[in-house]
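A short write-up of the structure that comes next.
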Amino acid sequence: MQHDDYQRYDGLGLAALVADGEVTAGELLDAARARAAAVNPRINAIVRELEPEADARVASDAALSGPFAGVPFVIKDLGQDYAGVPTSGGSRSLATVPAAQHATVVQRWLDAGLVIFGKTNTPEFGAKGITEPELFGPARNPWDLDRTPGGSSGGAAAAVAAGIVPVAGASDGGGSIRIPAACCGLFGLKAGRGLVPSGPLVGEGLHGSATHGVLSRSVRDSAAMLDLLAGADAASPYDAPRPAGPLLDEVGRDPGRLRIGVRVPSAITPDPDPEAHAAVAAAVAALEELGHEVVELPEAPYDDAALAKDFLTSWFVSLAWQVSEIKRRTGCGDEGFERDTLIMAALGRGTSGVAYCDALERRQLHVRRLAEFHAGHDLLLTPTLATPPPRIGEFDLPLPVQRLSDLVLRTRTGGLLRHVGLVDRMIDENLGWVPYTQLANLTGRPAASVPLHWTAAGLPLGVQFVAAPGGEGLLLRLAAQLEAARPWADRRAPL
């Protein structure tokens, strides 16, 4: 199968070809591997190959049944365990530690007939909105190889945008599906809290802020994927209500006339890039053409400055625990981790239990504020990014800061990090270009990034919609409506 033919189809389209006997799963796998061989050396999206596992699946007819039977697929090298294969999380500390069993989502993808042939690049432990791990090197954006594809599902987004696969496994703890979707011209849906399980080894990631999902070129692929991923497993702390019917059926349904509140400035980034304004303006124009009511909000419907600090506080403390747990489990020392990870972990260890509980308890305030907003509006619209995708290496610490940080880490005086401006720098650089996405994670709301704008330089820049609890179907109905009005799937990165 030639690449031009292969790339014309989304995941469900490829599965239909296999079901109709027009192509075999082996031919699709050959096409995906050929495309990966051609472009992966330039984008560094796939960092671990699963050749024997994939070949065994296409050789077994019994293994290939389900809605995506025979479709090539890649999973994220973070939280998406494949039995017998290391899940590095982008870290040297775990690079050779094999997974004992499949993650629940991986097993569900296998049950759906997907042919998993690789694992994708991610920043260490998914702790950044860019994908530049020391272990594997940076993933690059197929639209501009000097720029990031976002993070932490940056490798997944690059693989889809480059045409290696039509849909790829991803996850989102602070925007890690939506940020790469916006950077790479893809659709990215983050499900609401608890709908997709994190098991069998994890009950819920980041106190319910993190969830698994996919990045895709088509809305219907994301809908069908959520249908097969939704539903608690034995390790889930609770069973979130499932949609009343198949989410794939929502694609093509009229969403009705919606009232959508729009906000572009944020407390962290009061003056976003003009292209972020242009992205929202393009979305507003499309929405109004479709008959929706769009209302400009004079202020954010939540305390976005407090939310950013609460997000980073909980993130730093969780990362401190994760580093300590890996050290206990593997016996490795600080040499197994990147400097930035150790800095964030040190900040987490320096956070008091009371301060940590304050950050967790304030989530209820953010939930109430957002609930008040949704009482009068169907959706919140923001840019997904405050700037176009940054350049590779743009957020590297300056050499003097690196040296000071190394000294502080060696002398175990991590508390000093809060007095050298490093925390403010991390807030500005980690969240300054992505101040919008953490809201949906901390409040557990579903949210989606929709690719409706390309900059004057030809870079994608998506917009985000945030729904009330249970709003996955509404997001899919609106996204499919926008997809029909402003098609994006046929736009190809100039790789």
**OP:** Quick one: count up the residues across the stretch 111-130 that are within 25 Å of Ser209 (Cα to Cα) and in contact with a strand residue (DSSP E or B) (Cβ under 9 Å, 6 or more places away or on another chain).
**Re:** 5
Original post:
Restricting to helices (runs of 4 or more DSSP H) lying wholly in the stretch 280-386: which have 2 or more residues that are touching a Cys at 6+ places or on another chain (Cβ under 7 Å)?
Top reply: none
Subject >> Among residues of the stretch 321-367, those that are among the aliphatic types (A, V, I, L, M), in contact with a Gly (Cβ under 9 Å, 6 or more places away or on another chain) and modelled with pLDDT of 95 or more, counted >> reply: 3
Original post:
Are there any pairs with C-beta distances below 7 angstrom linking a residue in the stretch 343-356 that is touching a residue at least 40 places away in the same chain (Cβ under 8 Å) to a residue that is among the hydrophobic types (A, V, I, L, M, F, W, C) and not in a helix (DSSP H, G or I), with the two at least 6 apart or on different chains, and if so which?
Top reply: Met344/Ala127
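Condition check ((1) touching a residue at least 24 places away in the same chain (Cβ under 8 Å); (2) surrounded by 24 or more Cβ atoms within 10 Å (Cβ to Cβ); (3) assigned to a helix (DSSP H, G or I); (4) within 18 Å of the chain's Cα centre (by Cα)) across all residues:
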residue	(1), (2), (3), (4)
Ala69	yes, no, no, no
Ile75	yes, yes, no, yes
Gly90	yes, yes, no, yes
Ser93	yes, yes, yes, no
Gln107	no, no, yes, no
Lys128	yes, yes, no, yes
Pro133	yes, yes, no, yes
Gly137	yes, no, no, no
Original post:
Is it true that Glu27 is among the acidic types (Asp, Glu) and more than 14 Å from Ile116 (Cβ to Cβ)?
Top reply: yes
**OP:** Answer with yes or no whether Asp249 is acidic (Asp, Glu), over 14 Å from Leu385 (Cβ atoms) and at pLDDT below 95.
**Re:** no
**OP:** Go through Ala286, Ala267, Ala278 for me and flag whichever is surrounded by fewer than 22 Cβ atoms within 10 Å (Cβ to Cβ), modelled with pLDDT under 95 and of a type in the set (Gly, Ala, Ser).
**Re:** Ala267
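Which of the residues belonging to the stretch 415-452 are modelled with pLDDT of 90 or more and over 21 Å from Phe395 (Cβ atoms)?
Let us first name the residues in the stretch 415-452 that are modelled with pLDDT of 90 or more, namely 432-452.
Scanning the stretch 415-452 gives Leu439, Ala440, Leu442, Thr443, Gly444, Arg445, Pro446, Ala447, Ala448, Val450, Pro451, Leu452.
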Original post:
What are the residue pairs meeting all of these: first residue in the stretch 273-284, first residue within 15 Å of Val434 (Cα to Cα), second residue at pLDDT 95 or above and not β-branched (Val, Ile, Thr), Cβ atoms under 6 Å, and 6 or more apart or on different chains?
Top reply: Glu275/Pro388; Glu275/Leu461; Ala276/Pro383; Ala276/Ala386; Ala279/Pro383; Ala279/His453; Ala279/Leu461; Val280/Pro383
**OP:** Quickly run through the stretch 95-105 and pick out the residues that are more than 16 Å from the chain's Cα centre (by Cα) and buried (at least 24 other Cβ atoms within 10 Å of the Cβ).
**Re:** Ala103, Thr104
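What about Ser405, is it hydroxyl-bearing (Ser, Thr, Tyr) and surrounded by fewer than 17 Cβ atoms within 10 Å (Cβ to Cβ)? Walk me through how you get there before you give the answer.
Numbers: hydroxyl-bearing (Ser, Thr, Tyr): yes; surrounded by fewer than 17 Cβ atoms within 10 Å (Cβ to Cβ): no.
It is false that Ser405 is hydroxyl-bearing (Ser, Thr, Tyr) and surrounded by fewer than 17 Cβ atoms within 10 Å (Cβ to Cβ).
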**OP:** Pull up the stretch 443-466, narrow it to residues that are under 27 Å from Phe316 (Cα atoms) and touching a Phe, Trp or Tyr at 6+ places or on another chain (Cβ under 6 Å), then point me to the one that is surrounded by the fewest Cβ atoms within 10 Å (Cβ to Cβ).
**Re:** Gln464
Subject >> Residues of the stretch 152-194 classified as more than 18 Å from Ser314 (Cβ to Cβ), part of a loop (DSSP other than H, G, I, E, B), touching an Asp or Glu at 6+ places or on another chain (Cβ under 8 Å) and not polar (S, T, N, Q), total >> reply: 3
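Do the conditions hold for Arg259, that is, is it farther than 28 Å from Thr341 by Cβ, over 24 Å from the mean Cα position of the chain (by Cα) and in contact (Cβ under 8 Å) with a residue 12 or more places away in the chain? Break it down stepwise before answering.
Working: farther than 28 Å from Thr341 by Cβ: yes; over 24 Å from the mean Cα position of the chain (by Cα): yes; in contact (Cβ under 8 Å) with a residue 12 or more places away in the chain: yes.
Yes.
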Subject >> Whichever residue in the stretch 340-368 is within 23 Å of the chain's Cα centre (by Cα) and surrounded by fewer than 19 Cβ atoms within 10 Å (Cβ to Cβ) and, among such residues, is nearest to Ser209 (Cα to Cα) >> reply: Leu360
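Results for (1) within 25 Å of Leu360 (Cα to Cα); (2) surrounded by 18 or more Cβ atoms within 10 Å (Cβ to Cβ); (3) in contact with a Leu (Cβ under 6 Å, 6 or more places away or on another chain), shown as yes or no for each residue.
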{"position": "Leu201", "(1), (2), (3)": "yes, no, no"}
{"position": "Leu206", "(1), (2), (3)": "yes, yes, no"}
{"position": "Ser222", "(1), (2), (3)": "no, yes, yes"}
{"position": "Pro241", "(1), (2), (3)": "yes, no, no"}
{"position": "Ala244", "(1), (2), (3)": "no, no, no"}
{"position": "Arg257", "(1), (2), (3)": "no, no, no"}
Original post:
So which pairs qualify, if the first residue must be in the stretch 292-311 and crowded, with 17+ Cβ neighbours inside 10 Å, the second must be aromatic (Phe, Trp, Tyr), the Cβ gap must be under 7 Å, and the two must be at least 6 apart or on different chains?
Top reply: Pro301/Phe373
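Kindly evaluate Pro197 against the criterion of being under 30 Å from Pro149 (Cβ atoms), in contact with a helix residue (DSSP H, G or I) (Cβ under 6 Å, 6 or more places away or on another chain) and not in a loop (DSSP other than H, G, I, E, B).
Values: under 30 Å from Pro149 (Cβ atoms): yes; in contact with a helix residue (DSSP H, G or I) (Cβ under 6 Å, 6 or more places away or on another chain): yes; not in a loop (DSSP other than H, G, I, E, B): no.
No; evaluated as a whole, the condition is false for this residue.
The values are calculated or read from the model by the stated rules, or taken from the named source; none is laboratory data. Note that the coordinates shown come from a computational prediction; the quantities given were computed from them, not determined experimentally. For neighbour counting, all protein chains shown are included, and Cβ atoms are generated from backbone atoms with ideal geometry for every residue, glycine included.
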